[in-house]
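Report on the following structure.
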Amino acid sequence: MNYGLIVIGGGPAGLKAACSAAEKGLKVLIIEREAQLGGILKQCVHDGFGVIRFGEKLTGPEYAYRDITEVKRLGIECLTGTFVTGICDKDGGFVVETTSAQGIRSDFTEKIALATGCRERTPRQVNIHGTRPAGVLAAGACQNFVNLKGLLPGKRAVILGSGDIGLIMARRLTLEGAEVIGVYEAKATPSGLQRNIRQCLDDFGIPLHLKTTVTDVYGDKRVEAVRVSAVDDSMNPVGEGEIVECDLLVVSVGLIPENELAEKLGLQTDPATKGIAVDQYMMSAGKEGVYAVGNALHVHDLVDYVSEGAATAGADAANTRKRSLVKVGAEGLMYVVPQYVDVSDANEKKTFYMRAPRDMAVASVKLYADGELVAERKLKNVKPPEMLRIQFKFRASDSITLRLEEEE
Amino acid sequence: MSEVKLTCIVCPNGCELVAEKCGDGSVKVAGNLCPKGVKFATDELVRPLRTFTGTAATAFPDFPVIAVKTDREVPKEEILRIAEYVNSLCLTKRCSPGDVIVKDVLGLGADLVVTADMN
């Protein structure tokens, strides 16, 4: 079949990109490898989603349900239980090869949206020594067991890393009757949102140990204990540490955009975001017609902004632009998305998503065009876990730089 | 009474609040970007409220458990008791988001509703 847009991934980013393209009249296909649409939201049974987009606090499945209902209303074709095995260029568009229980299939599309989400950094990627017994799980895998399969993977849990999924799982495991001994974070500041520390840890008296990490795992078939040690400023363990008995180690140490398909298309990833570099419509800077949306582009902390970016991409898929790209300089920032701006575009309002490298009480983001300061935003309580989203209105220029400065 | 530091959990702003209970029983709040912060801080000092979210078992093999929540906030100290009660349930009817499965759960004035789609 021939499509205007094929969306790979049926999570919040893919669903919204598909709807917004279909509303512009494109023939759209969503390809999802799982049996159901909804992506990671399916297992996020806690609430707090949609406050910005809908003005209500929804659970993950409720948020997904709204977009899925819209996909059905628009009559968008969906292939679930279907895995993309190949993408290649053809006649100015792309051929997407898939496999499913129905067999193999090949479709042509003018444009592609990569909405493949992200993967968890694994326990093995954080250099924990010792044996490899059962009971060592990434936080999202633990969430899948508890919230979708109805299984409790342990009764006495230690959580390594203070990422949001780890905090959310500390509460979930407690509600399911497990004892959560503590959350251990090697850095001096938490990786997760402050409000999650309050409502997931403090509410249940679960201690958060900063500048402390797990250095060894003990146990033959099953985890029996871990060793936790204080770390110095260069994250090296100091002293002998302490043995903590447990039957579950949950590791919540970060997410990495999933970009296998982007690599198949020969696209480079931005080392700062680990997603591909895009313009303000989320179209790849390196390849016309390829979009990346949601956590495949950069890891978000709020799904509302995933949907926003995906809507931008989906609507743009119906357009033809003759692009003239200018690289966006980022100073004093961990990263900026988009990495490029199409300056031939007449729309002056552009949305930038960025992260600060460290906590700042008062800061300002300054936008320089052709070396001249054209816009500035004051910010309070800037923290790396909280993505900054700033809209600037400015005319086309030959050089664009965003600079984050701490203020007294 | 002394000042209490709170983080508002109502929305993603996550305002850092300073709240103080006055002699007349009212609560003075600073640091909030919107009126919801005042209500949150007042509730926190007087009677903290939370929404329960979790899962309930079902009789269907394709959904061993299904996401549920209370349709409004309930006293924070009841959350563990609700969790224990919800873990004793088993749904025998397929549900969609918003379907009420338990009315007035534990007499707390909130209904237990399904938040995921089994249909």
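Please give me the summed charge of the neighbours of A:LEU404: other residues whose Cβ is under 9 Å from its Cβ, Lys and Arg +1, Asp and Glu -1.
Details: positive: A:LYS366, A:ARG403; negative: A:GLU331, A:GLU405, A:GLU406.
My count for the surroundings of A:LEU404 gives -1.
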Original post:
At each listed q (0.19, 0.31 Å⁻¹), what is the log10 of I(q)/I(0) that the Debye formula gives for the stretch B:4-46 modelled as equal alpha-carbon point scatterers?
Top reply: -0.45, -1.11
Original post:
Expressed as a whole percent, how much of the Cα-Cα distance distribution for the stretch A:122-253 exceeds 27 Å?
Top reply: 10
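Can you give the relative contact order of chain A as a percent, counting alpha carbon pairs under 8 Å and 6+ residues apart?
On the way: 1008 pairs, mean separation 61.5, N = 408.
Taking the mean separation of contacting Cα pairs over the length of chain A, I get 15 percent.
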**OP:** Tabulate in residue order the Karplus-calculated ³J(HN,Hα) for the stretch A:97-110, using 6.51 cos²θ - 1.76 cosθ + 1.60 with θ = phi - 60°, rounded to whole Hz; enter x for Gly and Pro.
**Re:** 9, 10, 9, 7, 4, 7, x, 9, 8, 9, 10, 9, 9, 6
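Count the net charge of all other residues whose Cβ sits under 13 Å from the Cβ of A:SER307, scoring Lys and Arg as +1 and Asp and Glu as -1.
Numbers: positive: A:LYS16, A:ARG53, A:ARG66, A:ARG389; negative: A:ASP67, A:GLU70, A:ASP304, A:GLU308.
Once all neighbours under 13 Å are counted, the net charge is 0.
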Original post:
Among A:SER252, A:THR116, A:VAL336, which residue has its Cα positioned farthest towards the positive end of the charge dipole of chain A, with +1 placed on the Cβ of Lys and Arg, -1 on the Cβ of Asp and Glu, and the dipole taken about the Cα centre?
Top reply: A:THR116
**OP:** For the stretch A:122-253, give the magnitude of the charge dipole about the Cα centre (Cβ charges: +1 Lys/Arg, -1 Asp/Glu; no others), in debye to the nearest 20.
**Re:** 460
Subject >> Among B:LEU91, A:VAL136, A:GLY177 the positive-end extreme of the charge dipole of the protein assembly as shown (Cβ point charges) >> reply: B:LEU91
Original post:
What's the long-distance tail for the stretch A:323-408, i.e. % of Cα pairs beyond 14 Å?
Top reply: 60
Original post:
If the cut-off is 20 Å between C-alpha atoms, which lysines fall inside it for A:LYS327, apart from same-chain ones fewer than 8 positions away?
Top reply: A:LYS274, A:LYS287, A:LYS349, A:LYS350, A:LYS366, A:LYS393
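Report for the protein assembly as shown the percent antiparallel among DSSP-assigned beta bridges with both residues inside it, nearest 5.
Numbers: 84 of 124 bridges.
Percent antiparallel among DSSP bridges in the protein assembly as shown is about 70.
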**OP:** For the stretch A:209-263 and the stretch A:127-166, write down the distance between their C-alpha centroids in whole Å.
**Re:** 11
**OP:** Using θ = phi - 60° and the Karplus relation 6.51 cos²θ - 1.76 cosθ + 1.60, list the HN-Hα couplings for the stretch A:50-55 in order, rounded to whole Hz, with x at every Gly or Pro.
**Re:** x, 4, 6, 6, 10, x
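Over all directions, how big on average is the projection of the convex hull of the alpha-carbon atoms in chain A, in square nanometres? Spell out each step's value before the answer.
On the way: hull surface 84.0 nm².
Value for chain A: 21.0 nm².
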**OP:** Could you give me the percent of Cα pairs per 5 Å distance bin for chain B, shortest bin first, beginning at zero and ending with the bin that holds the maximum distance?
**Re:** 2, 11, 19, 16, 13, 12, 10, 8, 5, 2, 1, 0
Original post:
Tell me, what ³J(HN,Hα) does each residue in the stretch A:181-188 have, in order and in whole Hz, if you take phi through Karplus 6.51 cos²θ - 1.76 cosθ + 1.60 with θ = phi - 60° and put x for Gly and Pro?
Top reply: 6, x, 10, 10, 10, 5, 6, 7
Original post:
For B:CYS15, which sequence-distant residues (separation of 5 or more, or a different chain) have an amide H within less than 5 Å of its own amide H, given hydrogens modelled in the peptide plane?
Top reply: B:CYS8
Original post:
Considering amide H positions built from the backbone, and no H for Pro or chain starts, which residues 5 or more places from B:ARG50, or on another chain, come under 5 Å of its amide H?
Top reply: B:VAL74, B:LYS76
**OP:** Determine which aspartates and glutamates satisfy two conditions relative to B:LYS5: a Cα distance under 19 Å, and not lying fewer than 8 residues away in the same chain.
**Re:** A:ASP202, A:ASP203, A:ASP359, B:GLU16, B:GLU20, B:ASP43, B:GLU44
Original post:
B:ASP111's amide H: which non-local residues (gap 5+, or another chain) put their own amide H closer than 5 Å, with H modeled 1.01 Å from N in plane and none for Pro or chain starts?
Top reply: B:ASP71, B:ARG72, B:ASP104, B:VAL105
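From Cα pairs below 8 angstrom and at least 6 apart in sequence, can you work out the relative contact order of chain B, rounded to a whole percent? All intermediate terms of the calculation are to be shown ahead of the outcome.
Values: 219 pairs, mean separation 21.4, N = 119.
About 18 percent, as a whole number.
Based on the Kirkwood radius over alpha-carbon pairs, what is the Stokes-Einstein translational diffusion coefficient of the stretch B:53-114 at 10 °C with 1.306 mPa s viscosity, in µm²/s?
Values: Rh = 11.7 Å.
Translational diffusion coefficient: 136 µm²/s.
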Original post:
Between exposed trypsin sites (Lys or Arg not before Pro) in chain B, where DSSP calls loop and at most 13 other Cβ atoms lie within 10 Å, what's the longest gap?
Top reply: B:1-71
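Enter the mean number of other protein chain beta carbons within 10 Å of the beta carbon of each residue in A:55-66, as an integer. Present the calculation step by step, with values, prior to reporting the outcome.
Working: counts 1, 0, 6, 3, 11, 4, 10, 9, 2, 4, 6, 1.
Other-chain Cβ atoms within 10 Å of each residue's Cβ, averaged: 5.
The numbers here are math on the coordinates, done by the rules we state, and not lab data. The model shown is predicted, which means the values in this text are computed figures rather than measured ones. No Cβ is skipped: glycine too gets one built from the backbone with ideal geometry, and neighbour counts run over all protein chains shown.
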